[in-house]
1. For 65, 171, 339, which order do you get if you count the other beta carbons within 10 Å of each Cβ and list the fewest first?
2. By per-residue mean of other Cβ atoms within 10 Å, what is the highest-first order of 269-278, 323-332?
3. Using per-residue counts of other Cβ atoms within 10 Å, averaged over each peptide, order 132-142, 295-305 from highest down.
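Read-outs: derived from the displayed coordinates by stated rules, not from any lab. Just so it is clear, the model here is predicted, and its values are computed rather than measured. No Cβ is skipped: glycine too gets one built from the backbone with ideal geometry, and neighbour counts run over all protein chains shown.
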């Protein structure tokens with residue numbers, strides 16, 4: 001069903017339809033472009049970093065992503081002004097994107113769909129070219145990545161804030177949130193010091209968590225949720241608002257908008273933490289979300305106490321907004337090779353971006369002052385073996401490096417080629433040239449059906465390699481790690497928070 005019938009007023013109230021099981025967009029009126037002040041002020045940069053631009057260029061362009069951007073009516077206008085598309089071409093794009101999402105199926109009881117981000121990207125490329133012509137595809141892909149990485153449109157990104165990821169595994173020197181999707185990890189830094197770590201759920205491969213720099217400026221307790229007007233929603237339930245506090249509301253106790261198309265929000269089952277959990281959001285359980293809200297309010301200069309949160313939790317029918325005095329940058333990363341606390345951590349390439357290569361390993365080691373040649377023969381062998389094992393997507397198929405392949409215009413992959421998924425991935429191959437011939441032959445028949453979400457990861461998620469030359473180097477290990485129950489290694493709740501009878505700042 002085409003979604004061109006949606007109006008701007010619906011968009012303002014409507015939860016971003018793409019995240020039917022838990023994600024909403026931030027209304028434009030809540031976006032605050034002012035930068036933080038005081039001791040927590042981030043390092044400022046007049047221009048985007050190379051890492052920012054690279055992250056944007058490597059974002060996969062899938063039909064769900066395209067459909068999400070159509071919820072902002074200004075996107076259609078940009079397609080006409082920047083790409084010179086006709087009204088008919090724009091409506092063709094809107095239709096194929098909407099139909100793709102309408103055909104998606106998600107169920108907690110059905111068999112997982114053995115798909116991948118690369119397969120979704122290939123399907124998208126073919127259908128987009130059919131809708132607007134092959135010559136317009138590179139321009140469209142660039143525009144989609146620009147919007148997706150920047151938070152969906154003007155004002156959603158953390159404008160003027162330096163992205164610390166100019167080098168691999170960079171450690172912030174300011175106050176910010178850092179999310180690394182392949183590690184299922186969210187870190188809170190205050191004035192350059194890691195103060196707390198959360199284990200998280202991330203977006204499904206078909207709805208990958210974006211990369212880039214965003215900001216958080218509002219904590220919304222007891223948010224309402226509007227079911228989207230989509231084919232996969234029962235007709236009698238479409239466009240009906242789910243009240244705050246309802247058991248059918250997937251957002252849980254609270255949501256924190258961080259720019260289109262993502263949120264940080266509660267409501268997740270403990271089993272979804274440390275795996276796929278959302279349609280492009282950072283997912284937490286409600287106990288984790290309560291803990292995080294206290295931490296975020298503290299570093300953002302807002303008054304918020306455990307007693308107040310308890311009151312909000314008891315009055316679930318009332319939506320309450322807590323505005324941060326200092327908006328906090330949120331840096332979304334995709335790093336599968338991380339030097340952490342003197343060890344080399346290699347994570348699964350769950351979004352199929354071809355990142356686990358020897359070239360990238362050398363770059364990460366070099367960023368920490370260690371060359372590949374400094375490693376012992378045994379260390380090199382273990383590291384390369386780990387790369388090979390982790391150079392696979394969520395289903396265990398060799399990662400194709402979809403982001404780089406599409407960026408370079410390499411659209412000649414054959415995702416339906418007969419092959420054996422047990423074949424070895426080439427750890428030293430460049431991201432754009434990975435071999436797709438080892439894709440499981442059964443994938444062809446699966447893709448012919450209405451696809452379902454890839455909800456689980458087959459096989460090992462991480463390999464840790466001890467490297468003597470890395471002693472004393474690397475990104476910090478988790479501190480006060482908050483688990484699904486909301487408890488941390490440093491005790492329950494946030495030890496920095498004190499009970500207060502002072503009125504909360506900027507409630508609405």
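1. So the residues, fewest neighbours to most, are 171, 339, 65.
2. On the way: 269-278: 19.3, 323-332: 23.9.
Result, highest mean Cβ count within 10 Å first: 323-332, 269-278.
3. The peptides rank, most packed first, as 295-305, 132-142.
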